Amino acid sequence: MPGRIKPKLAVWKFASCDGCQLSLLDCEDELLAVAGAVEIANFPEASRAVVKGPYDVSLVEGSITTAHDAERIHHVRRVSNFLITIGACATAGGIQALRNFKDVRDFTSMVYATPQYIETLNKSTPIVDHVRVDYELHGCPINKHQLVEVLSALLNGRRPNIPSHSVCTECKRHGTVCVMVAHGTPCLGPVTHAGCGALCPSYNRGCYGCYGPMESPNTAALAKGWVQLGAKEPDLLRAFRSYNSYAEAFRRESEDHEEQNH
Amino acid sequence: MKNKTIKVDFLARVEGEGGLYVKLKGKTVADVQFRIFEPPRFFEAFMRGRDFREAPDITARICGICPVAYQMSSCHAMENACGVKVEGQLRSLRRLLYCGEWIESHVLHVYMLHAPDFLGYEDAIQLAKDHPDAVQRGLKLKKTGNEIVNLLGGREIHPINVRVGGFYKLPAQRDLAELAEHLKWARDAALETVRWVATLKFPDFEPDYLFVSLRHPDEYPFNEGRIVSNRGLDIGVQDYEKRFEEQHVEHSTSLHSVLAGSPPYCVGPIARYSLNFDRLPESIQQVAREAGLGPVCKNPFRSIVVRSVETLYACEEALRIIAQYEPPESPAVKVEPRAATGCACTEAPRGSLYHRYRIDDQGTILEAKIVPPTSQNQNSIEQDLRQFVEPRIHLPEAELQWQCEQAVRNYDPCISCSTHFLKLTIDRG
């Protein structure tokens, strides 16, 4: 629309692998169209140019793991009208939240020769633990088509069409043979948030939960199913304690299996 | 005597969070720090207690740009520990997957992160306004790389189809045939890319590098070979830690890797190319020569040409692998754990990536060590800046700063890998 001011988009990074923001650059077919519809105002991975805030939409990748970042996220919130967290780090603390179950000082001294140079918090926490979040997009990594859907819904003033059912439902819709029933392969599909397109079962492996818990997961029932297939307690502990280990439902289930280990 | 500081708090167009600090005293450079403040994520610590089969999925999460490199190094290290070698078509498919990652990662850097520097644009979106055809070509070429990763890995970022021993599922012949059609276009586009970047203007800058890379008896290196340098180093991967050590410095959350008793060394495209030029097919050597490269490239700004040549090679190699492909009997060979230590080094797009694991007889990981390319290049980046800035001290602040940033971007540093981004300061006191 000529004369209309384009909404300003900012991309922010906290502790992460860069993969979720890379999803935007991986939209090879849509990237120039997105750049035509919004002003990419602050996206350091892609541009030197920084347009001053406030920003209409902020995409936040990564978890909070340092005192400095715990401050910085408040600045991001203040300059953002609509804040979307993208990926397992931002929505659940990410793989680095595995430290939350241990003493981080032990971790520091395992990796770094001079631990006093390293400044880090005891826990890796999701953005929502620190500031108000307007929308969460799950996945490790997020699905780039879902990212485009959320952005275009926002630009057109409608609700994003992002299903909240399980990977299991996605499999049924695709007609993928159930790896658990047919092959006896343990699968987290029944308790995992949809969005990946039920990828792992279509490659003959069980879902490993990289999209985090679905809305109302019955993790305890699934754990029993796994035991029937021969899974042991340490297997269950590891299964629930991976890329979304600090998401409430997975955290609680993993703790149940931890106690039985002792 | 006038003191001055060049300081870039957040270096743009690199992967991760880092910065740059250059302190000038009169006409000399007093201090250079390539600062990495990406928050540490402690992969090597939380890998302990995980199952050896989880390593490719977990380590992929170190980097969203080169997850395949982490999957390849971790799989090979685990197979090394368990005494298994993956050969034949499965080995070829791994090479094909790696070609995909080289293409998508190199093309991302060439078109979106590096080319804007040479042509004076802040980013590729602005570049696209004046050079739409070039940027469109870059995006489509990158997409072809991603198509390979997608087909063999299941998705571009953090592929799900890679396992210790091979894959979960083999690609369908029909899908490979379709991919080959796209790769034929990509090969032409990669050739055009080489010719396009050859026309850029390169600063006169050729440090006397110590290059380190894998070298294989017959192939341009991806997944195996010996570790060699241009000054006589020639060791098996198992001896890596006897010669290379990691140091911890105050201004970085990434450990610096050093070659004992040697000056800083450089890994990545220019090192790999210079140590393996004779392993490129003759036709590609010819293309490289026409683009102004010799058999050795010491100008880091020309790394954009080398990346383009490697992209062309990856397209041709992918086509060759698909043409000779016959489905193996099984998507993976069986790997049984045993109490052992295994290591591997593969060539990530940004250079050599070393992994070592100690596991017990149940396959539980007892110890992990990961040395990414960018932690190896940190000292070389700082050394380049020291040498690059001095003859250019007279330049206006903004121009000098941009050129310093560009000198860092020559390495395509992946700070997410080395922990993670970049921040530049020029201090003139």
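All of the numbers you see were taken from the coordinates with simple rules; none came from a lab. Keep in mind that this is a model prediction, so the values were computed, not measured. Because the Cβ atoms are built from the backbone with ideal geometry, glycine has one as well, and the counts that use them run over all protein chains shown.
Considering only the other residues whose Cβ falls under 14 Å of the Cβ of B:Leu275, what net charge follows from Lys and Arg at +1 and Asp and Glu at -1?
+1
Sort B:Lys129, B:Lys369 by Cβ crowding within 10 Å, fewest neighbours at the top.
Details: B:Lys129 11, B:Lys369 18.
Fewest-to-most ranking of B:Lys129, B:Lys369: B:Lys129, B:Lys369.
So if we plug the beta-carbon distance of B:Thr341 and B:Glu250 into 1/(1 + (r/R0)^6) with R0 = 30 Å, what FRET efficiency do we get, rounded to 0.05? Each step should come with its number before you reach the end.
Values: r = 31 Å, r/R0 = 1.03.
E between B:Thr341 and B:Glu250, to the nearest 0.05, is 0.45.
State whether chain A is rounded, prolate or oblate according to the following rule on the C-alpha gyration tensor (a ≥ b ≥ c being the square roots of its eigenvalues): a/c under 1.5 gives rounded; otherwise a/b larger than b/c gives prolate, and the remaining case gives oblate.
Working: a/c = 2.41, a/b = 1.31, b/c = 1.84.
Note, shape of chain A comes out oblate.
Let me know the shape class of the protein assembly as shown, please: from the alpha-carbon gyration tensor, a ≥ b ≥ c as square roots of the eigenvalues, rounded when a/c is under 1.5, otherwise prolate if a/b is greater than b/c, or oblate.
rounded
Using amide H atoms built in the peptide plane, which far-off residues or other-chain residues are under 5 Å from B:Cys414 H to H?
B:Thr374
I'd like the antiparallel share, as a percent to the nearest 5, of DSSP beta bridges with both residues in segment B:45-396.
Counting DSSP beta bridges with both partners in segment B:45-396, the antiparallel share is about 95 percent.
Top mean-square fluctuation among A:Asn143, A:Asn204, A:Asn244, Gaussian network model of chain A, C-alpha springs under 10 Å?
For chain A, modelled as a Gaussian network with Cα springs under 10 Å, the answer is A:Asn204.
Could you size up the charge dipole of segment A:1-129 around its Cα centre, putting +1 on the beta carbon of Lys and Arg and -1 on that of Asp and Glu, and report it in debye to the nearest 20? Walk me through the numbers before you get to the answer.
Numbers: 13 positive and 15 negative charges, 97 e Å.
Once rounded to the nearest 20, the dipole reads 460 debye.
Test of the criteria: in segment B:51-105, which trypsin sites (Lys or Arg not before Pro) are in a DSSP loop and have at most 14 other Cβ atoms within 10 angstrom of their Cβ? Don't skip to the end; give the middle numbers.
Working: sites: B:Arg53, B:Arg61, B:Lys85, B:Arg91, B:Arg94, B:Arg95; in loops: B:Arg61, B:Lys85.
Those that pass, being in a loop and sparsely packed, are B:Lys85.
Any chance you could give the angle, 0 to 90 degrees and rounded to 10, that helix A:67-78 forms with the longest Cα principal axis of chain A?
50 degrees
Listing A:His74, B:His394, B:His114 from the residue with the fewest other Cβ atoms within 10 Å to the one with the most, what is the order?
The order, fewest Cβ neighbours first, is B:His394, A:His74, B:His114.
From zero outward in steps of 10 Å, how is the percent of C-alpha pairs of segment A:167-261 spread across the bins?
18, 53, 27, 2
If we count GluC sites (Glu not before Pro) as exposed when they sit in a DSSP loop and have at most 13 other beta carbons within 10 Å, what is the longest stretch of chain B that avoids them all?
B:88-249
Between A:Asp256 and B:Glu87, how high is the FRET efficiency from 1/(1 + (r/R0)^6) when r is the Cβ-Cβ distance and R₀ = 30 Å? Nearest 0.05.
It comes to 0.10.
Name the residue farthest towards the positive end of the dipole of the protein assembly as shown from the options A:His174, A:Ala33, A:Ala221, assuming +1 on Cβ of Lys and Arg, -1 on Cβ of Asp and Glu, about the Cα centre.
Result: A:Ala33, furthest along the dipole toward the positive end.
Which links in A:Lys232/B:Lys334; A:Lys123/A:Lys172; A:Lys6/B:Lys129; A:Lys144/B:Lys169; B:Lys334/B:Lys369 stretch past 26 Å when you go from one Cα to the other? Please report the intermediate quantities before stating the final value.
Working: A:Lys232/B:Lys334 21 Å; A:Lys123/A:Lys172 37 Å; A:Lys6/B:Lys129 17 Å; A:Lys144/B:Lys169 23 Å; B:Lys334/B:Lys369 24 Å.
Checking Cα-Cα distances, A:Lys123/A:Lys172 exceed 26 Å.
Please report how far the C-alpha centroid of segment B:295-334 lies from that of segment A:165-204, rounded to the nearest whole angstrom.
33 Å
Report the full-extension gain for the segment B:Lys140 to B:Glu290: residue separation times 0.36 nm, less the Cα-Cα distance, to one decimal in nm. Intermediate results must be reported in sequence, preceding the final value.
Working: separation 150, 0.36 × 150 = 54.00 nm, distance 2.42 nm.
Full-extension gain reported as 51.6 nm.
Mean Kyte-Doolittle of at least -0.5 plus a Cα span of 27 Å or more along the axis: flag which DSSP H helices in chain B meet both, please.
B:88-107, B:132-153, B:173-198, B:303-323
In segment A:48-79, whose amide N lies under 15 Å from the spot 7 Å out along Cα-to-Cβ of A:Ile5? List them in ranges.
Counting only backbone N, you get A:51-57.
Taking a ≥ b ≥ c as the square roots of the Cα gyration tensor eigenvalues, with a/c under 1.5 meaning rounded and otherwise prolate when a/b beats b/c, else oblate, which class fits segment B:1-95? List each step's numbers first, then the result.
Details: a/c = 3.39, a/b = 2.67, b/c = 1.27.
Taking the square roots of the gyration eigenvalues as a ≥ b ≥ c, segment B:1-95 is prolate.
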